[in-house]
Amino acid sequence: GLNGKKSMNRSLRKLLKNKLAIAGIAVFSVILLASVLAPLLTKYDPLQVNMSAVLQAPSKEHILGTDKIGRDIFSRLLYGGRISILVGLGSALGAATIGVLLGAYAGYKGGKIDKIILRISEIFMSFPQIVLVLLLVTILGQSLRNLLIIFIATGWGSVYRMTRAKM
């Protein structure tokens, strides 16, 4: 309704007045665009080893120079940003999906299932997330798929509790 629209306009005005927020959005947008457009911004493969270009200083050819085995640092930065964004966004969406689904179901149904899911979420939330992530990476191994699964598994608890409380 009209009340929600006024609140949204107020929130947007408040955001637009915050210079640090605007600067943060601008920097994030540049990073996001650069990562998405990585193949257009660099001609180098981030995994390409070039032993004849080891530890070169920044130049016209290699904007940020090269590493110990001759890989272009700028291309590695751009392509690494893609992976970071995928892991961050993918795990946040996955954790939110699981948290909302379980929270809505448990909050609506109540009873034994609600208590069981609540206790499981409390177990996950009782440990600092970084400790759980490091432990699970050690056990499961260090792959992109495992990282997504681990971040989803350790991050759904708070979303679950908020959704359950709203139900």
*Ranked highest first by the average count of other Cβ atoms within 10 Å around their residues, in what order do 158-166, 138-146, 89-97 fall?*
158-166, 89-97, 138-146
*Would you please give the FRET efficiency between VAL137 and LEU32, computed as 1/(1 + (r/R0)^6) with r the Cβ-Cβ distance and R0 = 22 Å, to the nearest 0.05?*
0.30
*Report, in cubic angstrom per residue, the convex hull volume of the C-alpha atoms of the chain.*
179 Å³
*Which pairs break 25 Å Cα to Cα here: LYS109/LYS166; LYS19/LYS166; LYS19/LYS60?*
LYS19/LYS166; LYS19/LYS60
*Springs between alpha-carbon atoms under 10 Å, Gaussian network over the chain: tell me which of LYS19, LYS115, LYS68 tops the mean-square fluctuations.*
LYS19
*Nearest-ten-degree value, helix 111-126 long axis tilted from longest Cα axis of the chain*: 40 degrees
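Express the relative contact order of the chain as a whole percentage, based on alpha carbon pairs under 8 Å and six or more residues apart in sequence. Show your work: numbers first, answer last.
Numbers: 176 pairs, mean separation 34.4, N = 167.
Contact order relative to length: 21 percent.
Can you tell me the length gained on complete extension of the stretch LEU47 to ILE113, counting 0.36 nm per residue apart and subtracting the Cα distance? It would help to have the intermediate numbers written out before the result.
Values: separation 66, 0.36 × 66 = 23.76 nm, distance 4.79 nm.
Extending this stretch completely gives an extra 19.0 nm.
Using only helices, what value at 222 nm comes out for the chain when you add -39,500 (n - 2.57) per DSSP H run of length 4 or more and divide by the total residues, to the nearest 500 deg cm²/dmol? Show your work: numbers first, answer last.
Numbers: 7 runs with 126 residues, N = 167.
Calculated at 222 nm, the ellipticity per residue is -25500 deg cm²/dmol.
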*Working from Cα positions, state the angle (0 to 90°, nearest 10) between the long axis of helix 2-17 and the longest principal axis of the chain.*
30 degrees
*Against the longest principal axis of the chain, how steep is helix 144-166, in degrees 0 to 90 to the nearest 10, with axes from Cα atoms?*
30 degrees
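Laboratory data are not the source of any read-out in this text; all were calculated from the coordinates shown. Note that the coordinates shown come from a computational prediction; the quantities given were computed from them, not determined experimentally. Neighbour counts run over all protein chains shown; Cβ positions are idealised from the backbone, glycine included.
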